[in-house]
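What follows is one structure encoded as structure tokens, with my remarks underneath.
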Amino acid sequence: AAATASGGDNDDNVIEVVAATMPRARTRAVAASVVGNKGNQGKKKRSGRKSIRDEEEQEEVMHRVFDWVTVTPGHELEHMAPKEVASQHGIREDILTNHVDGEIQGEKDVLSLPWAVIALMLFALMMLHKESVTETHSIEAAITFDITENANFAFTAPGHMGHKNYQDVNCFADFWSFMRQGLLPLVYQHDKPVSEDSGLDLGSTDKSVFWKYLRHNQRIGPLKLAKEEALEVPCVNEGIARERGIRCHAEGGIDLDMQPTEWQVAQSTFVEDTSASVFLHNNESPGSVDKLSDLEQGLWLNRDTRRIQLTMLTYSAETDLLIMTNIHFLFANSGHIFKRLTHRAMPLHPYYNVASYVYEILFYCQVTVLCLCELRDLCSVLRKSGKHPLRGLREYMGVWNFIDWIFILSSYAYLAVWLVRLSLVREVSADLLALPPKAASDAEAEANEVFFSALFGKIDTIGYFMRGARLFSGILPMVVLLRLFKAFSAQPRLALVTETMRKASSDLAHYLVVFMAIFSTYSVMAVSYFGREIQRYSTLDRAMPTLFRAVLGDFDFEELEVSGREWAFFVFVTFTFLIMLVMMSMLIAVIMDVYVEVKAHATSQESFWHEVGDIFRRSWLNWKRLRIPLPTIRAALDSESRAVLDAYAFMEKVPGLGERQAHRLICSAIEEYASSREEGVSTNEIKLFIDFTKNQFKSLMRSSTQELERPIATASLPTGDLDLEEVVGSGAEAGTKPSPEALAESLSFDELLALAEEKMRVQEEDADLPGSRLALQELVSVARKRYLSVKEEVDKVQSRRISI
């Protein structure tokens, strides 16, 4: 007001005029603020912002995800849309090349899914036709049931009901009773059977029916009775054994401390004592009974006998199956006699229709095509590796290629085993066509026995070989399943299982160490506590599967009580808590923790059906020549180049490439690259970025406050009541300009505004102070604008910190 009244144009003169009217030296700053700073306030603000902007432009850094994109500090982790990156910054050529390689490989993997399913179906059909699994099980179960239920002995009056079967053979006498009263009458039926107490006589069995067994099967050759002698070995305590006249024998090829399984007995080696083998011919039932009496009288069974094997051969014409049935009696050193009934079945003509040939030809055509493709890829990699073939081989032999080769080798190994088996079966078929006639003399009878002994030996060898070949039949489907996982891995939503197991593999490995330590401890405890009373816990190899079944809920507590209720309760409670509750819950937690992460990533990816649609779309456009095939684009790219390409540079590099296809490939490559780089921020990065943000925040506050405090702090009023006459009154003595420390003690924004507004209301009634109300209004307006401007900048920095 004073400057306007004096008409002064110079700021210094105006300040002196105004300050001369003020009573306090401190209020000299009011004049400097209102007059001097008012004119150049906008200029300082613009120049300050310009210097800050120039500084930010000079200090550019690389974006954390897209390392070929430069950004200002503090924006390294900000999200950038793929289209924005593609249009403004392009993409590195090596990243684009890797994306094209992945697309090509992804198409191959997705297209391999139906072929893997077809391979599984063809193998299943081929195996079911060649192996005759259903028919084999049906006939073997019928023979087992007939011998178990109908080959009885220990009859009671009136002689129609036997109370024991072969499982009740517990001594030598029981064995001979089973042979005389149970097996021979069942197999060799000379008279037609009649109902009980009927008194009927239907006559003798016809010769055509005599050879029949279970009505539809035919017996071939005689019954063979063979035995294996135990080997004598030194006793553990030779002194007592010699004193008591005891001889000790080896256990042989089967561990008879426990009940052997059917597989163990069938696949064990039977060392036949050929000099003691006996053939019970089917046309000599009375003679066969007499022969059995002679064997019993001659102590054919004795203490040195280790094993007895009864062999019967039958043929089913309806299914073309030749079945050799063996009844085993195994004499353990414990004194117990274990009994097992096993079968060896084989189809004599597996290719009985055209479908059998078709399934096998199609399956091995697919395997051969896959083998040729893998060989082509291998040769290509080795050719590129030049003088370093091992490096190229390591590059080629990934997990999925390794699985493909396992599938190829397993398939051809199965074929080789099948061809060997086929040649052996043909020899048996030829022998069956040349069966010797009924022996008319002892020499012919001896020759017949030699013939049948060789035939039984061949069939036993083939059966042993076929049971081992089942491993290939079981491995191949598992390898095909792994090939399905290979196809699944190309599609994130299908690869949930494999990707979860892959990412959780490290945690699962550590978990398995702890689990096996606890589980092995309880296995040893189970053997120690319950092994003497319960067979399932008698050895470690039996206790561990039993406890694993207990983990799944198959736990028989009453069985454990045999060894003591207290011990059983202790083992049951601790095992249930540690293994079934704690460890299994942790296993689920480990897998689900990774699964949630993989699931979250997979849901943002394209679905399987969308990807199949892309493949069909590309194939259709390729066929109509509306796009460039991916292999052609890959041939024009350099995987070692780090040059940045935009859509137009990409089009120049690949002749004939359209702008739309180029832009789509670049965007998808950037999106895939960003997805692969989303691995989270490390703790160190978070700390560094927070420190950087704090410094940036302090710098912004410092610059804004320094710019703001100059006009406001110097225009601040002292605390307490303030008379306007002290501000604009005359006769005041001028003071010196206050220091920054003194200015820092000035009023805050809110206090200043409240005080100024209050004084403005007072001044409405005072007409003797012209211009005071206008000056204070302008002061309030400037303060509000400055305050809102700084607050907006501070909010931006705080929002950025919160988002990071």
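A few notes on this one:
- What a 1.4 Å probe finds exposed on the range 104-200 is 61% carbon and sulfur by accessible area, rounded to a whole percent.
- Note that the range 527-620 presents 63 Å² accessible area per residue, ligands and nucleic acids not counted, probe 1.4 Å.
- Net charge of Cβ neighbours under 9 Å - reference Ser277; Lys, Arg +1; Asp, Glu -1: -1
- Surface listing: Phe570, Phe472, Phe577 arranged by accessible area from highest to lowest gives Phe577, Phe570, Phe472, probe 1.4 Å.
- Solvent-accessible area assigned to carbon and sulfur over the range 392-483 amounts to 69 percent, based on a 1.4 Å probe.
- Surface share of carbon and sulfur [accessible, 1.4 angstrom probe, percent] for the range 528-636: 64 percent
- Charge context of Lys339, other residues only, Cβ under 14 angstrom, K/R +1, D/E -1: 0
- Other residues lying with their Cβ under 12 Å from the Cβ of Ala504 contribute a combined charge of -2, Lys and Arg counting +1, Asp and Glu -1.
- Label-to-label distance, Glu60 versus Leu512, with points set 7 angstrom from Cα along the beta-carbon direction: 5.0 nm.
- GluC sites (Glu not before Pro) restricted to DSSP loop in the range 517-602 with at most 12 other C-beta within 10 Å: none
- Per residue accessible area in Å² of the range 289-379, where ligands, DNA and RNA are left out and the probe is 1.4 Å: 42 Å²
- Selection of chymotrypsin sites (Phe, Trp or Tyr not before Pro), the range 341-406, meeting DSSP coil and at most 15 other Cβ within 10 Å: Tyr351, Tyr352
- Restraint check, Lys108/Lys130; Lys83/Lys108; Lys130/Lys227; Lys108/Lys503, Cα-Cα greater than 29 Å: Lys108/Lys130; Lys130/Lys227
- Efficiency of FRET from Cβ geometry, Val358 and Ala241, R₀ 60 Å, rounded to 0.05: 0.35
- Once the C-beta distance of Arg618 and Glu659 is scaled by a Förster radius of 22 Å, the resulting FRET efficiency is 0.80 to the nearest 0.05.
- For the range 398-555, a crude dipole built from +1 on the beta carbon of Lys and Arg and -1 on the beta carbon of Asp and Glu, taken about the Cα centre, is about 860 debye to the nearest 20.
The values are calculated or read from the model by the stated rules, or taken from the named source; none is laboratory data. What you are looking at is a predicted structure, and each value in this text was computed from that prediction instead of being measured. Neighbour counts run over all protein chains shown; Cβ positions are idealised from the backbone, glycine included. Heads up: the accessible areas ignore ligands, DNA and RNA and are worked out on the full protein's heavy atoms, side chains in. Shrake-Rupley method; radii C 1.70, N 1.55, O 1.52, S 1.80 Å.
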